[in-house]
Amino acid sequence: MNLSAPSIISSSLQWVSRMNVDIEPTKGRKSSIIGTIGPKTNSVEAITQLRNAGLNVVRMNFSHGSHKIQIKTGHELVFSVNPDYKDKCDDKVMYIDYANLPKVIDVGKKIYMDDGVLAFQVLSKGDDHVKVRAINSGSLGSHKGVNLPGTDVDLPALSEKDKGDLLFGVRNKVDMIFASFIRSGQDVRDIRKVLGEQGRNIKIISKIENHQGVDNFEDILTETDGIMVARGDLGIEIPLERVFVAQKKMIAQCNLVGKPVICATQMLESMTLNPRPTRAEVSDVANAILDGADCVMLSGETAKGNYPMESVRTMHDVCILAEAVICYPAVFNEIRSLTALPTGTTETIACAAVSAAHEQNAGAIVVLSTSGNSARLLSKYRPYAPIIVVTRNPMAARQVHLYRGCFPFIYDKPAPSHASAHTKDSPQNFSPADNAPWQEDVDNRIMWGMTQAIKYGLLDHRKPVIAVQGWRDGLGNTNTLRVVLAP
């Protein structure tokens, strides 16, 4: 593939029409793969193998595993909200931890479990239970999700257990939280309040899983750090044939504001049991990338499936090839034209850097980042060149895996001792002598970033590189770009 070709074709349709089936993949996969850890992969050895296969982000979820009960079509049983049955579940009585279930559900309504794998119809109800009949056969384990489509639920956004789980995450220094069933921006604000000052840097990824979340999407997007299109529950709460509309709408809106978006659920579902995916699954993964997803996620495939490593490798192969058929200049021009002006200084520099990368046919963009925000804004404009993120902040390095095209490298040499002394000064207060150690450190980090990119096959020697940096140390000071040559 001619790497300069995207820069001389501005039409996506024209670009795709000239595709060759034997097109070569890009240098390094730009999208990230998130994998859920479960019974099949909950060891250091297995997680290491997943990482080597291409996994970028590990997701912990406690809904996989446990002893399963077999349910057959027509089987009648009771769903009890009495906690006495919590540890006494069988095929006659199952416990559901929603105390108001008998109050809100009507006879004749349907109850879905485990992303719709099992469906039940309500036959009757009492003060603390509902009697149901299975509509289809299947197996059911503990801690599976319950959906009540067409029923107004009165659950709080955060239960006491949720609050405890959030504080557990803060204590254990998690990088991000995938928050389920977010229905409004207020839900996100409530989560931030619980996370508190100690958890202020944890990214909140809002899972959109019902009609209310879709209806309030703009409000949620304003408050959240990112979005997950959770197609499993969403496909129960809204008509199945409308899920793709919601997916495309949410991905597009995230792309326009530069917030990461994850496409999830049943992406390679057949690989839970089989070593090869279906053709439809391959197309689904590829189209999520073409839609603009920053990340794609594996759930049961890596948590409980028979082929977790093969699932990650398959997703890697599909994603990296899908990225090669994107007309990056056309995407850049569209996002730039739809971005409201004026933009902030950091975003202005990010947009200019991506434009320069296209015009220079640059091999990479190297950005020096403290929090990862500059990397996020560069990612928003979808450069063809990889974004090499050099940071001293390990948490920021891990979090930028959420952003398409970002490759983080942790620079562990100490900063100049006085580098932060001028953080609140104006440019006029800098003297060349005071600034020299800091500028030398900047140059060293840029050179180191290019060297690492070459080492890992992301950049070729002597290629133009766009370097993005701040004029002083600290957050929010990115306002400079340079064109340099890779060593």
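The values are calculated or read from the model by the stated rules, or taken from the named source; none is laboratory data. Not measured: the values here are computed from a predicted model. Positions of Cβ are backbone-derived with ideal geometry, glycine not excepted, and every protein chain shown enters the neighbour counts.
When you scan the range 408-415, do you find a residue that is exposed (fewer than 14 other Cβ atoms within 10 Å of the Cβ), modelled with pLDDT under 95, over 27 Å from the mean Cα position of the chain (by Cα) and within 27 Å of residue 175 (Cα to Cα), even just one? Checking the range 408-415: at least one residue is exposed (fewer than 14 other Cβ atoms within 10 Å of the Cβ), modelled with pLDDT under 95, over 27 Å from the mean Cα position of the chain (by Cα) and within 27 Å of residue 175 (Cα to Cα). Please enumerate the residues belonging to the range 177-231 that are closer than 25 Å to residue 152 by Cα and among the charged types (D, E, K, R). Listed by number, the residues that qualify are 183, 187, 189, 190, 207, 209, 215, 218, 219, 223, 231. All conditions but one from (1) on the phi > 0 side of the Ramachandran plot; (2) modelled with pLDDT of 85 or more apply to residue 476; the one that does not is (2).
Restricting attention to the range 94-117, which residues are part of a strand (DSSP E or B), touching a Ser or Thr at 6+ places or on another chain (Cβ under 8 Å) and in contact (Cβ under 8 Å) with a residue 24 or more places away in the chain? Walk me through it before giving the result.
Applying the first criterion (part of a strand (DSSP E or B)) to the range 94-117 yields 94-95, 110-113.
Those still in the list that are touching a Ser or Thr at 6+ places or on another chain (Cβ under 8 Å) too: 94-95.
Hit for the range 94-117 is 94, nothing else.
Among the residues of the range 361-381, just one is under 16 Å from the mean Cα position of the chain (by Cα) and not in a helix (DSSP H, G or I), namely 372.
Among the residues making up the range 364-394, those that are surrounded by fewer than 22 Cβ atoms within 10 Å (Cβ to Cβ) and touching a Ser or Thr at 6+ places or on another chain (Cβ under 9 Å) are 370, 371, 373, 392, 393.
Listed by first and then second residue, the pairs with beta-carbon distance under 9 Å, at least 6 apart or on different chains, first residue in the range 246-259 and in the same structural domain as residue 221 (by TED's automatic domain parsing), second of a type in the set (Phe, Trp, Tyr) and surrounded by 19 or more Cβ atoms within 10 Å (Cβ to Cβ), are 246/217; 249/217; 250/217; 253/217; 258/381; 258/403. If you check 96, 105, 177 for being among the β-branched types (Val, Ile, Thr) and under 22 Å from residue 69 (Cα atoms), only one passes: 96. Residues that are under 18 Å from residue 222 (Cα atoms) and β-branched (Val, Ile, Thr) within the range 235-253 comprise just one, 251.
If you filter the range 249-267 down to residues that are in a helix (DSSP H, G or I) and of a type outside the set (A, V, I, L, M, F, W, C), you find that the one that is surrounded by the most Cβ atoms within 10 Å (Cβ to Cβ) is 255.
With the condition kept exactly as written, say whether any residue in the range 388-406 is among the hydroxyl-bearing types (Ser, Thr, Tyr), outside the structural domain of residue 258 (by TED's automatic domain parsing), at pLDDT 95 or above and assigned to a helix (DSSP H, G or I). Within the range 388-406, none of the residues are among the hydroxyl-bearing types (Ser, Thr, Tyr), outside the structural domain of residue 258 (by TED's automatic domain parsing), at pLDDT 95 or above and assigned to a helix (DSSP H, G or I).
Condition (residue is in contact with a helix residue (DSSP H, G or I) (Cβ under 6 Å, 6 or more places away or on another chain), surrounded by fewer than 16 Cβ atoms within 10 Å (Cβ to Cβ) and under 23 Å from residue 331 (Cβ atoms)) applied to the range 234-248: is it met by at least one residue? Reasoning before the result, please.
As a first pass, look at the range 234-248 and keep what is in contact with a helix residue (DSSP H, G or I) (Cβ under 6 Å, 6 or more places away or on another chain): 234-235, 237-238, 243, 246, 248.
Pick out the ones that are also surrounded by fewer than 16 Cβ atoms within 10 Å (Cβ to Cβ) and you get 248.
Going one step further and asking which of them are under 23 Å from residue 331 (Cβ atoms), we end up with 248.
Yes, some residue in the range 234-248 is in contact with a helix residue (DSSP H, G or I) (Cβ under 6 Å, 6 or more places away or on another chain), surrounded by fewer than 16 Cβ atoms within 10 Å (Cβ to Cβ) and under 23 Å from residue 331 (Cβ atoms).
Only one of these is among the hydroxyl-bearing types (Ser, Thr, Tyr) and either part of a loop (DSSP other than H, G, I, E, B) or buried (at least 24 other Cβ atoms within 10 Å of the Cβ) (or both): 311, 270, 283. Name it.
Details: 270 fails: either part of a loop (DSSP other than H, G, I, E, B) or buried (at least 24 other Cβ atoms within 10 Å of the Cβ) (or both); 283 fails: either part of a loop (DSSP other than H, G, I, E, B) or buried (at least 24 other Cβ atoms within 10 Å of the Cβ) (or both).
Only one candidate passes the filter, namely 311.
Working only within the range 80-123, note down all residues that are small (Gly, Ala, Ser) and surrounded by 12 or more Cβ atoms within 10 Å (Cβ to Cβ).
The first filter runs over the range 80-123 and keeps only residues small (Gly, Ala, Ser), leaving 80, 99, 108, 116, 119.
The answer is 80, 99, 116, 119.
The set of residues from the range 129-170 being modelled with pLDDT of 95 or more and of a type in the set (D, E, K, R) comprises 131, 133. Name every residue in the range 219-233 that is in contact with a Phe, Trp or Tyr (Cβ under 8 Å, 6 or more places away or on another chain) and either surrounded by fewer than 21 Cβ atoms within 10 Å (Cβ to Cβ) or assigned to a helix (DSSP H, G or I) (or both), in order of residue number. Residue satisfying the conditions is 233 alone. With respect to (1) within 25 Å of residue 99 (Cα to Cα); (2) in contact (Cβ under 8 Å) with a residue 12 or more places away in the chain; (3) touching a strand residue (DSSP E or B) at 6+ places or on another chain (Cβ under 9 Å), the lone exception for residue 184 is condition (3).
Report, by residue number, each residue of the range 342-353 that is part of a helix (DSSP H, G or I) and farther than 23 Å from residue 487 by Cβ.
So the first thing to find is which residues in the range 342-353 are part of a helix (DSSP H, G or I), and the list is 345-353.
Once the filter is applied, which keeps residues that are part of a helix (DSSP H, G or I) and farther than 23 Å from residue 487 by Cβ, the range 342-353 yields 345, 346, 347, 348, 349, 350, 351, 352.
Only residues that are at pLDDT 85 or above and assigned to a loop (DSSP other than H, G, I, E, B) were counted in the range 68-85, giving 6. Cβ separations smaller than 9 Å between residues 6+ apart or across chains give the following pairs from the range 41-63 residues that are touching a residue at least 60 places away in the same chain (Cβ under 8 Å) to residues that are basic (Lys, Arg) and assigned to a loop (DSSP other than H, G, I, E, B): 41/304; 46/40; 54/29; 56/29; 63/144. Cβ-Cβ distances below 6 Å connect no pair with a first residue in the range 158-174 that is without any contact (Cβ under 8 Å) to a residue 40 or more places away in the chain and closer than 14 Å to residue 60 by Cα, a second residue that is of a type in the set (Phe, Trp, Tyr) and outside any loop (DSSP other than H, G, I, E, B), and a separation of six or more residues or different chains.
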